[in-house]
Amino acid sequence: MHNMILYLAEAAPEGRVFGLDQQTLISMLIQLLNGVILAVALGFILYKPLRNFMQKRTDRIQGKIDNVEATMAKAKELIAEYNEKLSQIEITSQEIIEEARQKAAEESRAIIESAKQEAQEIRARTLESIEDDKRRLKEEARLYIIELAFLIAQKYVAQNIDEETQDRLFEEAVTELEEAQWQH
Amino acid sequence: MSLNVDNIWVWNIFGVEVWITETIVNSWIIMAVLIALAIFIRIKMRKFKEIPTGFQNLVEAGIEMFHNFAKNTLGEKLLYISPWFFAIFVFILSSSLFSIFGLRAPTADFATTGAFAIATFVLMIVLGTRHKKGAYIKSYFEPHFIFFPLNLIGELAKPVSLSFRLFGNMLSGTIILTLYYSLTPIFVQIGIPAFFHAFFDVFFGAIQTYIFVIISQMYVKTAAD
């Protein structure tokens, strides 16, 4: 290999700016090879490892973001669920209060009704008692009047008629009195 | 600084005379520096943290920027060839930047730009055939088979225009700077050329690198997508 490559520094031809010949083609091939070597070297040493490093970090951060977003979504779901439960509790409590209110109203109505009924009964009983008292007082008054009339008559008769006539008159008077005044 | 691409050595390989030009040697120097830098970054990468700071930030920003650029131009499907474009992007940019230090830019030689343009052309054919199968070959005969010569010329014009655009732009900067150094007295060759280098090597270099890579990517994407 060493023998095949001859170092000819002395025989180097004059340089040039531009030329389209075999040497340009050879230089292009060498430059192409240089480019490929550089691309492979930079790709393997720098570009790909650094991109992998950055991509892994991006994935890690993205993973964390996704995790946080998932947790947030779950938290939001829970909040919505609890809000739903709270509103359900609110509705239930409203229903219980309404039910209690209705029950209380019904009970109060029943109590008032019962009180009214009791009052009616008391009134009826009182009226009945008044009627009884009235009757009793009338009876007492009648007996008193009878007794009084009897005494008056007794005194009058004692002065004017005998005992037999007196009794007869008394009996007639009482009968008339009973028929005439206490019939109704 | 000379306009010519000097020949450093002449090798005889299997009876074929091979000129090892200044361009090739400078390319090797640039490649060596880039590979050394890549190895240095790779070693540093072992200590890279979850939250980047300082040097890590710089490296990651560079790679991320290029990756996004390649992703936007090539698309997800062709992203696997992005290391190639990364290499030529870094190489072309470094070529321009190294010329600040008096190294003749390898991109100011048609051998370099032609080689990269040929690579783009080969990628167009290979990826076009791989992804579009017969439809890619058929596209040369559309809308009618008599258009084949026109289509072929149109496709061949792509690497030609690509290579000559970069070569012309880089060579123009080299010519202007060479003329300046050749024609001006020594006392104006200190300080003032820095502006020319900043413009032709840094600014023009960066723009031409971007243009070459984005057009190459678009050609490949058009062929394969």
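The values are calculated or read from the model by the stated rules, or taken from the named source; none is laboratory data. Keep in mind the model is a prediction, meaning the values are calculated, not measured. Because the Cβ atoms are built from the backbone with ideal geometry, glycine has one as well, and the counts that use them run over all protein chains shown.
Results for (1) over 30 Å from residue A:167 (Cβ atoms); (2) of a type in the set (D, E, K, R); (3) touching a Lys or Arg at 6+ places or on another chain (Cβ under 7 Å), shown as yes or no for each residue.
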position: A:78; (1), (2), (3): yes, no, no
position: A:95; (1), (2), (3): yes, yes, no
position: A:99; (1), (2), (3): yes, yes, no
position: A:104; (1), (2), (3): yes, no, no
position: A:119; (1), (2), (3): yes, no, no
position: A:132; (1), (2), (3): yes, yes, no
position: A:142; (1), (2), (3): no, yes, no
**Fill in**
Across (1) more than 8 Å from chain B (Cβ to nearest Cβ); (2) part of a helix (DSSP H, G or I); (3) at pLDDT below 90, residue A:23 clears everything bar (1)
**Test result for residue B:129, under 25 Å from residue B:163 (Cα atoms), without any contact (Cβ under 8 Å) to a residue 12 or more places away in the chain and either β-branched (Val, Ile, Thr) or surrounded by 15 or more Cβ atoms within 10 Å (Cβ to Cβ) (or both)** = yes
**Prompt:** Condition test on residue A:120, is it at pLDDT below 85, surrounded by 10 or more Cβ atoms within 10 Å (Cβ to Cβ) and on the phi < 0 side of the Ramachandran plot?
**Reply:** no
**Prompt:** Are any residues in segment B:99-148 of a type in the set (Phe, Trp, Tyr) and closer than 20 Å to residue A:36 by Cα, and if so, which ones?
**Reply:** B:110, B:116, B:121
**Message:** I'm trying to understand the selection: among the residues of segment A:28-59, which are among the aromatic types (Phe, Trp, Tyr) and either more than 7 Å from chain B (Cβ to nearest Cβ) or touching a strand residue (DSSP E or B) at 6+ places or on another chain (Cβ under 6 Å) (or both)?
**Reply:** A:44
**Request:** Specify the residue that is farthest from the other protein chains (Cβ to nearest Cβ); the eligible residues are those in segment B:1-26 that are part of a loop (DSSP other than H, G, I, E, B) and not small (Gly, Ala, Ser).
**Result:** B:1
**Request:** Please work out if residue B:51 is more than 30 Å from residue B:194 (Cβ to Cβ), of a type in the set (Val, Ile, Thr) and either in contact (Cβ under 8 Å) with a residue 40 or more places away in the chain or in contact with a Cys (Cβ under 6 Å, 6 or more places away or on another chain) (or both).
**Result:** no
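Hey, among A:101, A:57, which residue is modelled with pLDDT of 90 or more and either in a loop (DSSP other than H, G, I, E, B) or surrounded by 12 or more Cβ atoms within 10 Å (Cβ to Cβ) (or both)?
Of the residues listed, the single one that is modelled with pLDDT of 90 or more and either in a loop (DSSP other than H, G, I, E, B) or surrounded by 12 or more Cβ atoms within 10 Å (Cβ to Cβ) (or both) is A:57.
Among the residues of segment B:25-48, write down those that are touching a residue at least 24 places away in the same chain (Cβ under 8 Å) and either of a type outside the set (Ser, Thr, Tyr) or over 18 Å from residue A:42 (Cβ atoms) (or both).
Answer for segment B:25-48, where residues must be touching a residue at least 24 places away in the same chain (Cβ under 8 Å) and either of a type outside the set (Ser, Thr, Tyr) or over 18 Å from residue A:42 (Cβ atoms) (or both): B:26, B:29, B:30, B:31, B:33, B:34.
Could you tell me how many of the residues in segment B:59-76 are surrounded by 12 or more Cβ atoms within 10 Å (Cβ to Cβ) and either within 14 Å of residue B:213 (Cα to Cα) or free of Cβ contacts under 8 Å to residues at least 60 places away in the same chain (or both)?
Adding up the residues that qualify gives 12.
Just checking, which of A:33, A:29 is within 30 Å of residue B:43 (Cβ to Cβ) and over 42 Å from the mean Cα position of the chain (by Cα)?
The unique qualifying residue is A:33.
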**Fill in**
Of (1) more than 9 Å from every other protein chain (Cβ to nearest Cβ); (2) surrounded by fewer than 16 Cβ atoms within 10 Å (Cβ to Cβ); (3) charged (D, E, K, R), residue B:104 satisfies every one except (2)
**Request:** Mind listing whichever residues of segment B:27-51 are within 9 Å of chain A (Cβ to nearest Cβ) and either exposed (fewer than 12 other Cβ atoms within 10 Å of the Cβ) or not in a helix (DSSP H, G or I) (or both)?
**Result:** B:48, B:50
